[in-house]
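Taking it in order: structure first as structure tokens, then the write-up.
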Amino acid sequence: MMMIDIMLMMLGLLILILGVLIGVAFLTLLERKVLGYIQIRKGPNKLGLMGILQPFSDAIKLFTKEQIYPLYSNYISYYFSPVLSFILSLMIWMMIPYYFNMISFNLGILFFLCCTSMGVYMVMVAGWSSNSNYSLLGALRAVAQTISYEVSLALIMMSSIIMIMDFNIMMFSNYQNLIWFIIMMFPLSICLFSSMLAETNRTPFDFAEGESELVSGFNIEYSSGGFALIFLAEYASILFMSMLFTLIYLGGYDLSYFFYLKISLISFLFIWVRGTLPRYRYDKLMYLAWKIYLPISLNFLLFYISFLTLLYN
């Protein structure tokens, strides 16, 4: 590989990361605006035109605040877990399918599952190293929840993989020219969407940061930069989940405004759910994962396998 190719690839990755960060900034603005309309109050509207500079103001405020840390915390792991969490959430974006200049992943879905399972450790370490009962409880909840929903996430995605017989995300667009998979797999797509909500610790599954009982959960001891990085990691993963849903069920990847509109719509659904639904009960959450989503996804998987064997025979 020529040196200039590597340089161009690095430049492409840098532009991608910058794009993701700007996307995350405006996703937070969208969330505050939408929640403002849902709760019949004004969203941020003072800073810049219609509050458009608010995300940058938030970022400057968070990163310039004094970094405080608990005296009894395990300092190194406490300090580095938000950083690693943020790096992991950006690493997943490497598998975004491009027609040019980027790394082509033949095993993109496996890479996604590996990175999301690594994210569990970061939450666990962040909660444990803070040396606070609230953060430890939040971390334990988050770990149990994320591991449970990763199982259902993987099994639901297996049905789509069986349909295209490939782990490469680019292949999904080839098979959805005539009909989107959401029409063929509607119940599964709803299950996948709610599993994504649970995976990214969003309402109604935000037990890791249950404000009413755990004050703020696993990130209670974090302030300024550490909190900002945890926040950025969460929103980057929301954007990525929206893109993944669009790729698998809404027609695959194409270089058009419509593709980005679909991503925006799914991200809006994440926010809409937050503004509408109350928090679930924890035992109900586990019941949902193991007794509802697991049997449904296994049954659909067997159905699609038998469907394909009939088709090919």
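Data overview
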| read-out | value |
| --- | --- |
| Output for the stretch 103-135, where each listed residue is surrounded by fewer than 18 Cβ atoms within 10 Å (Cβ to Cβ) and touching a residue at least 24 places away in the same chain (Cβ under 8 Å) | ILE103, SER104, ASN106, LEU107, LEU110, LEU113, SER117, MET118, ASN131 |
| Matching entry among LEU285, LEU298 (being closer than 13 Å to SER194 by Cα and among the aliphatic types (A, V, I, L, M)) | LEU285 |
| Residue check for ALA236: crowded, with 21+ Cβ neighbours inside 10 Å and either modelled with pLDDT of 90 or more or part of a loop (DSSP other than H, G, I, E, B) (or both) | yes |
| In the stretch 45-63, the residues that are of a type in the set (A, V, I, L, M) and either in a helix (DSSP H, G or I) or more than 19 Å from LEU35 (Cα to Cα) (or both) | LEU49, MET50, ALA59, ILE60, LEU62 |
| Any helices (runs of 4 or more DSSP H) falling wholly within the stretch 255-313 and containing at least 3 residues that are in contact (Cβ under 8 Å) with a residue 24 or more places away in the chain and of a type outside the set (A, V, I, L, M, F, W, C) | 257-276 |
| Lone qualifier among LEU255, LEU265, LEU269 - being within 29 Å of TRP93 (Cα to Cα) and loosely packed, with under 13 Cβ neighbours inside 10 Å | LEU255 |
| Which numbered condition ARG274 fails, given (1) more than 28 Å from VAL24 (Cα to Cα); (2) touching a Lys or Arg at 6+ places or on another chain (Cβ under 8 Å) | (1) |
| Sole exception among (1) within 30 Å of TYR222 (Cα to Cα); (2) without any contact (Cβ under 8 Å) to a residue 40 or more places away in the chain for ILE183, by number | (1) |
| Segments classed as helices (runs of 4 or more DSSP H), wholly inside the stretch 87-183, with at least 3 members that are touching a Pro at 6+ places or on another chain (Cβ under 8 Å) | 108-129 |
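To keep it simple, each residue is scored yes or no on (1) free of Cβ contacts under 8 Å to residues at least 40 places away in the same chain; (2) among the aliphatic types (A, V, I, L, M); (3) over 24 Å from MET91 (Cα atoms); (4) in contact with a strand residue (DSSP E or B) (Cβ under 9 Å, 6 or more places away or on another chain).
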residue: LEU140; (1), (2), (3), (4): yes, yes, yes, no
residue: LEU153; (1), (2), (3), (4): no, yes, no, no
residue: ARG202; (1), (2), (3), (4): no, no, no, no
residue: PHE227; (1), (2), (3), (4): no, no, no, no
residue: PHE245; (1), (2), (3), (4): no, no, no, no
residue: LEU250; (1), (2), (3), (4): no, yes, no, no
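The values are calculated or read from the model by the stated rules, or taken from the named source; none is laboratory data. As the structure is a prediction and not an experimental result, all values here were calculated from the model. We place every Cβ from the backbone using ideal geometry, glycine too, and count neighbours over all the protein chains shown.
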